[in-house]
1. Given q = 0.15, 0.24, 0.29 Å⁻¹, what are the Debye log10 I(q)/I(0) values for the range 1-45, with equal point scatterers placed on the Cα positions and solvent ignored?
2. Which whole-number value in Å² is the accessible area per residue of the chain, probe 1.4 Å?
3. Give me the angle, in degrees from 0 to 90, between the Cα long axis of helix 88-97 and the longest principal axis of the Cα atoms of the chain, rounded to the nearest 10.
4. Of the listed peptides 3-14, 87-98, 66-77, what is their order by residue-averaged count of other C-beta atoms within 10 Å, with the highest listed first?
5. So for each of 21-28, 53-60 I average, over its residues, the number of other beta carbons within 10 Å; can you give me the resulting order with the highest mean first?
6. Hey, what angle do you get for helix 69-80 against the long axis of the chain, alpha-carbon based, 0 to 90 degrees rounded to 10?
7. For the chain, which semi-axes, largest first and in whole Å, follow from the square roots of 5 times the eigenvalues of its Cα gyration tensor?
8. Is there a quick way to get the dipole size of the range 2-53? I mean about its Cα centre, with the Cβ of Lys and Arg at +1 and of Asp and Glu at -1; what is the value in debye to the nearest 20?
Amino acid sequence: MSDFKLHCFALSGNSYKVALFLALAGVNWEGIFVDYLNGETQNADWRERIHEQGEVPVLEHAGARISQSGIILDYLSDVTEKFGPRTSEERREIAIGA
Ligand SMILES: N[C@@H](CCC(=O)N[C@@H](CS)C(=O)NCC(=O)O)C(=O)O
């Protein structure tokens, strides 16, 4: 069983940013394909289970479910202690890029 689950799809740049982090960090993760183009995120059941506003990416980890790619990246840098800022200048630079 994976430590991190990422609800995502390949055409999503926001998903890609998070998937790239997970891959480069070398953690145990899996992508869960979201059939966005066929309207899966419009589905009431999907919205109730995964994200009420129907947005991707969504990360599941340690009982938490987190959305918004920039927030996810910040969370991941905290829990993995990788790719985080070493200075306040770097923190601002990362926030702009995320
Ligand atoms: N601010 C969000 C944006 C996420 C976003 O726009 N995701 C798109 C797919 S890449 C989406 O799910 N949009 C929902 C919709 O169009 O209904 C983030 O950075 O994660």
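1. At q = 0.15, 0.24, 0.29 Å⁻¹ the computed log10 ratios are -0.41, -0.85, -1.04.
2. On the way: 6370 Å² over 98 residues.
The answer is 65 Å² per residue.
3. Tilt relative to the chain: about 30 degrees.
4. Numbers: 3-14: 16.7, 87-98: 10.8, 66-77: 18.2.
Highest to lowest by the protection proxy: 66-77, 3-14, 87-98.
5. Details: 21-28: 14.5, 53-60: 19.0.
Listed from highest to lowest mean packing, they are 53-60, 21-28.
6. 60
7. Details: eigenvalues 119, 41, 28 Å².
Semi-axes (√(5λ), whole Å): 24, 14, 12.
8. Details: 4 positive and 7 negative charges, 38 e Å.
That gives the range 2-53 a dipole magnitude of about 180 debye.
The values are calculated or read from the model by the stated rules, or taken from the named source; none is laboratory data. Everything numeric here is computed off the predicted structure, so don't read it as measured data. Every residue, glycine as well, gets a Cβ built from its backbone with ideal geometry; the counts of neighbours run over all protein chains shown. Note: areas computed on protein heavy atoms with side chains; ligands, DNA, RNA excluded. Shrake-Rupley method; radii C 1.70, N 1.55, O 1.52, S 1.80 Å.
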